[in-house]
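> Before I ask anything, here is the structure I am working with.
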Amino acid sequence: MAEPLWWQSGAIYQIYPRSFQDSDGDGVGDLDGIRSRLDYLTWLGVDAIWISPIYPSPMADFGYDVADYCGIHPLFGSLRDFDALVAEAHARGLKVILDFVPNHTSDRHPWFLESRASRANAKRDWYVWRDGKADGAPPNNWMSQFGGPAWTYDDATRQWYLHSFLRQQPDLNWRNPQVRAAMNAVLDFWLRRGVDGFRVDVIWLLIKDEALRDNPPNPAWQPGQADIGRNLQVYNADQPEVHEVIAGMRQVLDRYDERVLIGEIYLPVERLVTYYGKGLGGAQLPFNFQLILAAWDAPKIARLIEEYEGHLPPGGWPNWVLGNHDQPRIAARVGSEQARVAAMLLLTLRGTPTLYYGDELGLGRVAIPRDAVQDPWEKNEPGLGLGRDPSRTPMQWNAGRHAAFTTAAKPWLPLDADHARMNVETLRAQPRSLLKLYHALLALRRRHRALTSGSFKLISADAHTLVYERALGAERLVVALNLGAEPQRLSDHLGGAEVLLSTALNREGTLAEPILRANEGLVLRP
Ligand code: NOJ
Ligand code: MG
């Protein structure tokens, strides 16, 4: 295989900028804060950071409602601060990936202000405006991801506009060539400033059915579940024309060296892989969220790995994601013991891994008191457990006040109650902490190219154990994971293998007995 590109061999680390490090004492993280923590990231051993949106925004959806695609929200700093961050990251060999939010703007974006001004406005067609039904109902039955109809009536021009998310997030009309040109110019703006790639928000939703047909009802939906599940997402998502749009974005990136286009896509594997694009001219990394969505069960995980590997198009590079700012954290899903096994799985599968900040500390579901809730989804559909705040709480740096996240009286979201114990400084001083395991796994990937660019072969999966091989040239490594809390016997021929790493960080040398201890994962050289 040719020398892998940085986004193939490297590990990506997602930063939720409001929660990483506050530098100016306002209780909200910012760019200078991130810059002050770059040494931590290089110590940890990641290769790239993806920063969730930092653009000017009314913050109805915490930055995913963009009011200016080519600026920086003063809360986070300035363009100069951004340039300084990129320069210092690059000086350390760290790549910088921005979040690009093309499906919708803020309702305060100047484009939308124009568009809603009159039916005759030149930007009217930049958004999706329609007449309602004769009985006064919205144009169709589509639901907003955050609850309620996906349409809002605008009195001034007596039409409805589409919003797949909040009403403060009107959807752009990607069928309009001017929209495409304006948004591709945004990509160009940041590429010229030196960013190494983009994670594209809800890329599979960009184009909607031209006739805006009603979605069919979802027979499995039940009261008490999120509104968005009422209908099947047939006409508002994953339309064939979306691939032209993505190819257009990719062409912009391809005018530069080694930039990466990552797509956020929640679809079944056979649909997901179409986002690599014809002739692989689509997203280089259509995010693979299967480890987030799967039950923690060895046979099921084995099946999904094989299914994914089997569906990849020739030349399509795999990737794996364990957590993000929209989902319950891995430690909350599988518990703190299995979070170690999950880390080994993420960092030894074939393909680019994406880590979510704070998962390396073992942060779980942080309790958010009712009066501290921030997430608009929780506010719109309260009490259903949909809120994302519990996974977005501040990074914990040391045992001091607010874990050194901020000097403000109050951080924007509460910290984990356990922050005196669960923080970078404390865990870095403990030889067997989860943080040390992440560090060791990332270092192991750098030492063994079999892990970053070798082949993958499933060896076995039984009720509790998952075993696979990664091989490159003469090097053959075996990864054996115990997804349960009882010791498990491995195949006899692994007896005598060299232990390169145990998730418990308490053994190396020869594997005398071919046994996986409870909740243990091993990287072995047979
Ligand atoms: C997906 C993002 O990850 C999520 O946080 C956001 O709320 C929606 N897209 C809308 O932009
Ligand atoms: Mg701040």
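The values are calculated or read from the model by the stated rules, or taken from the named source; none is laboratory data. Quantities reported herein were computed from a predicted structural model and do not represent experimental measurements. Glycine also receives a Cβ, built like all others from the backbone with ideal geometry; neighbour counts cover every protein chain displayed. Side chains included, ligands, DNA and RNA excluded: accessible areas come from the protein's heavy atoms. Shrake-Rupley method; radii C 1.70, N 1.55, O 1.52, S 1.80 Å.
> I'd like the residue in segment 106-127 that is assigned to a loop (DSSP other than H, G, I, E, B) and more than 16 Å from ligand 1 (Cβ to nearest atom) and, out of all such residues, is most open to solvent (accessible area, probe 1.4 Å).
Here the answer is R119.
> When you scan segment 339-358, how many residues do you find that are within 19 Å of Q430 (Cβ to Cβ) and open to solvent by 10 Å² or more (accessible area, probe 1.4 Å)?
1
Every residue, every condition in (1) more than 25 Å from L434 (Cβ to Cβ); (2) modelled with pLDDT of 95 or more; (3) of a type in the set (A, V, I, L, M), yes or no:
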| position | (1), (2), (3) |
| --- | --- |
| E3 | yes, no, no |
| I12 | no, yes, yes |
| V28 | yes, yes, yes |
| W50 | no, yes, no |
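> Also, quick follow-up: Kindly provide the set of residues from segment 67-85 that are open to solvent by 10 Å² or more (accessible area, probe 1.4 Å) and in a helix (DSSP H, G or I), ordered by number.
L79, R80, D81, D83, A84
> Moving on to the next point. Of the numbered conditions (1) assigned by TED's automatic domain parsing to the domain that holds S144; (2) touching a Cys at 6+ places or on another chain (Cβ under 7 Å), F189 fails exactly one; give the number of that condition.
Failed condition: (1).
> Only one residue in G136, G147, G194 is assigned by TED's automatic domain parsing to the domain that holds H243 and on the phi > 0 side of the Ramachandran plot, so which one is that?
The unique qualifying residue is G194.
> Please specify each residue of segment 489-514 satisfying the condition of being assigned to a loop (DSSP other than H, G, I, E, B) and on the phi > 0 side of the Ramachandran plot.
Within segment 489-514, G496, L505 meet the criteria.
> I'm trying to understand the selection: among the residues of segment 9-48, which are closer than 16 Å to L413 by Cα, within 16 Å of ligand 1 (Cβ to nearest atom) and among the β-branched types (V, I, T)?
I15
> Could you go through segment 51-66 and let me know if any residue there is crowded, with 21+ Cβ neighbours inside 10 Å, within 13 Å of ligand 2 (Cβ to nearest atom), touching a residue at least 40 places away in the same chain (Cβ under 8 Å) and within 20 Å of the chain's Cα centre (by Cα).
Yes, there is a match, as at least one residue in segment 51-66 is crowded, with 21+ Cβ neighbours inside 10 Å, within 13 Å of ligand 2 (Cβ to nearest atom), touching a residue at least 40 places away in the same chain (Cβ under 8 Å) and within 20 Å of the chain's Cα centre (by Cα).
> Could you name every one of the strands (runs of 3 or more DSSP E) located completely within segment 143-222 that has at least 3 residues being open to solvent by less than 10 Å² (accessible area, probe 1.4 Å), more than 16 Å from ligand 1 (Cβ to nearest atom) and over 21 Å from I265 (Cβ atoms)?
Answer list for segment 143-222: none.
> Just the residues that are open to solvent by less than 20 Å² (accessible area, probe 1.4 Å) and not aliphatic (A, V, I, L, M), please, taken from segment 389-413.
Hits for segment 389-413 are D389, P390, S391, R392, T393, P394, Q396, W397, F405, T406, P411.
> Across segment 1-23, what is the number of residues that are within 16 Å of ligand 2 (Cβ to nearest atom) and over 21 Å from the mean Cα position of the chain (by Cα)?
2
> Just to be sure, is Y266 aromatic (F, W, Y) and more than 19 Å from P328 (Cα to Cα)?
no
> Please find, within segment 24-42, the residue that is most open to solvent (accessible area, probe 1.4 Å) out of those that are away from ligand 2 (no atom under 16 Å from the Cβ) and either in contact with a helix residue (DSSP H, G or I) (Cβ under 7 Å, 6 or more places away or on another chain) or farther than 14 Å from I12 by Cα (or both).
That would be D39.
> I'd like the full set of residues that are in contact (Cβ under 8 Å) with a residue 40 or more places away in the chain and either hydroxyl-bearing (S, T, Y) or open to solvent by 40 Å² or more (accessible area, probe 1.4 Å) (or both), limited to segment 435-448.
K436, Y438, H439, R446
> Another question, if that's okay. A461 passes all but one of (1) over 30 Å from N398 (Cα atoms); (2) assigned by TED's automatic domain parsing to the domain that holds F20; which number fails?
(2)
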